[in-house]
1. Suppose we keep only residues that are touching a strand residue (DSSP E or B) at 6+ places or on another chain (Cβ under 8 Å) and under 15 Å from P74 (Cα atoms) within segment 21-34. Which one would you say is surrounded by the most Cβ atoms within 10 Å (Cβ to Cβ)?
2. Can you report the number of residues in segment 88-98 which are outside any loop (DSSP other than H, G, I, E, B) and open to solvent by 30 Å² or more (accessible area, probe 1.4 Å)?
3. All but one of (1) surrounded by 10 or more Cβ atoms within 10 Å (Cβ to Cβ); (2) at pLDDT below 55 hold for S17; which doesn't?
4. Please enumerate the residues belonging to segment 106-120 that are within 23 Å of R27 (Cβ to Cβ) and in a loop (DSSP other than H, G, I, E, B).
5. Criterion first (modelled with pLDDT of 50 or more and among the aromatic types (F, W, Y)) does F36 satisfy it?
6. Which members of segment 58-80 meet the condition of being part of a loop (DSSP other than H, G, I, E, B) and of a type outside the set (G, A, S)?
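The values are calculated or read from the model by the stated rules, or taken from the named source; none is laboratory data. None of the values given here were measured: they were computed from a predicted structure. When we count neighbours, we look across all protein chains shown, and the Cβ atoms used for this are built from the backbone with ideal geometry, even at glycine. To get the accessible areas, we keep the full protein, side chains included, count just its heavy atoms, and leave off ligands, DNA and RNA. Shrake-Rupley method; radii C 1.70, N 1.55, O 1.52, S 1.80 Å.
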Amino acid sequence: MLRSIVFITALTACIPSLASWSIETDRSTPDKHGLFEIREEARRFIAQQNAKGHERWDVLEPNAKVLVPRCAVPLQAQWTPKSLGRSKPGVMVICATAVPNAVMERWDVPVPVERKSGSP
């Protein structure tokens, strides 16, 4: 019974934090890389692609469930390879070397994109 009360109290305390969470507030910390910075790298890549191509793309939000360690080197971005079997175009944001951790040495996060309205 006491365990249930503690759990409910902790859950109730977390609700305001969860309600105010967004990509805009999910910034990098010493331990994790924020989805905000990941999305911004995808936006830089797409801005370059839009500047040199005939198609126009918008970057959507990365999956909010993604949690990756902090990257020790600058992020890179590229089009998601078709070999990964994705049905729609996307951007892959890549960390070649994560800060030392027990989970992963490197990572990549897919970020969806869509054609802008009025694009060919």
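1. If we take residues in segment 21-34 being touching a strand residue (DSSP E or B) at 6+ places or on another chain (Cβ under 8 Å) and under 15 Å from P74 (Cα atoms), then H33 is surrounded by the most Cβ atoms within 10 Å (Cβ to Cβ).
2. Step one: filter segment 88-98 for residues outside any loop (DSSP other than H, G, I, E, B), giving 90-95, 98.
From what's left, open to solvent by 30 Å² or more (accessible area, probe 1.4 Å): none.
Residues flagged as outside any loop (DSSP other than H, G, I, E, B) and open to solvent by 30 Å² or more (accessible area, probe 1.4 Å) within segment 88-98 amount to 0.
3. The single condition S17 does not satisfy is (1).
4. In the first step, residues of segment 106-120 are kept if they are within 23 Å of R27 (Cβ to Cβ); the result is 106-113.
The answer is R106, and nothing else.
5. Numbers: modelled with pLDDT of 50 or more: yes; among the aromatic types (F, W, Y): yes.
Yes, satisfied.
6. Initial filter on segment 58-80 (part of a loop (DSSP other than H, G, I, E, B)): 60-67, 70, 72-75, 80.
L60, E61, P62, N63, K65, V66, L67, R70, V73, P74, L75, T80, listed by residue number.
Listed here are the residues, each with its yes/no results for (1) under 25 Å from D26 (Cα atoms); (2) in contact with a Pro (Cβ under 8 Å, 6 or more places away or on another chain); (3) open to solvent by 100 Å² or more (accessible area, probe 1.4 Å).
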position: I46; (1), (2), (3): yes, no, no
position: K52; (1), (2), (3): no, no, yes
position: E55; (1), (2), (3): no, yes, no
position: A64; (1), (2), (3): yes, no, no
position: R70; (1), (2), (3): yes, yes, no
position: L75; (1), (2), (3): yes, no, no
position: K82; (1), (2), (3): no, no, yes
position: R86; (1), (2), (3): no, yes, yes
